[in-house]
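Take a look at the structure below.
The values are calculated or read from the model by the stated rules, or taken from the named source; none is laboratory data. Predicted, not measured: the structure shown is a model, and the values here were computed from it. Note: ideal-geometry Cβ built from the backbone for every residue, glycine included; neighbour counts use all protein chains shown.
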């Protein structure tokens, strides 16, 4: 039985991860961590999440639960995630990272740390999203150089702090790679004013924020006379929680290095 620890257990995603872990037949909750100044420290994690008593007290640091888990799941912020990844590397713990919003320097540090510890890092842990990425690669190869313009449209709840979403960027990067393009050069993330006609190689991004939208992503391939839309819609955060637990079960005992959900799901050629 793989013992899982969850960072930010009191937050919305943290509670979802607690639920996903609790429902798993192959994983058990080993530890749940909240902020060091939280008044919840010492409370039962299951009771806090509405799952009933689980016998796991909320802790204020990873050091306090060092011997209680095998794999850490982290959906926090880039700076905190990198600190936690460094801790895992120093303490021999595998990690699953669902955090988004890393800049180039942070990603470089993530790669360096991941070389020391088994790490699954993905902008989206959903099985459906990762299957969608495979479909997008196939569609891009067939349509991208045949007069089809490509746009990525994503929608999320009002509380999301990064844009475009990590999933939108993952989809855009998959399309760009399939076409031999550099997303940094062809990606268009803002159109305001007299921007002129669209370049043929552009991959455009549009962002919607509002209400409680869990996550919706559409990649549009539009040509004269027809268009194709490939869409994924998430209606529950448990989709991401279940994927993260699946990744934690897969990465436990693996060799050190950076993996993603394509590895977990066996989708890589």
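The residue list 218, 231 contains one member that is over 24 Å from residue 107 (Cβ atoms), surrounded by fewer than 16 Cβ atoms within 10 Å (Cβ to Cβ) and modelled with pLDDT of 95 or more, which is 231.
Just one of the numbered conditions (1) modelled with pLDDT of 95 or more; (2) under 22 Å from residue 85 (Cβ atoms) is not true of residue 52: (2).
Per-residue answers, yes or no, for (1) outside the structural domain of residue 171 (by TED's automatic domain parsing); (2) in contact with a strand residue (DSSP E or B) (Cβ under 6 Å, 6 or more places away or on another chain); (3) outside any loop (DSSP other than H, G, I, E, B):
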{"residue": "241", "(1), (2), (3)": "yes, no, yes"}
{"residue": "244", "(1), (2), (3)": "yes, yes, yes"}
{"residue": "249", "(1), (2), (3)": "yes, yes, yes"}
{"residue": "253", "(1), (2), (3)": "yes, no, no"}
{"residue": "258", "(1), (2), (3)": "yes, yes, yes"}
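Only residues that are within 17 Å of residue 229 (Cα to Cα) and at pLDDT below 95: list them for the stretch 142-168, please. Once the filter is applied, which keeps residues that are within 17 Å of residue 229 (Cα to Cα) and at pLDDT below 95, the stretch 142-168 yields 142, 143, 144, 145, 146, 147, 167.
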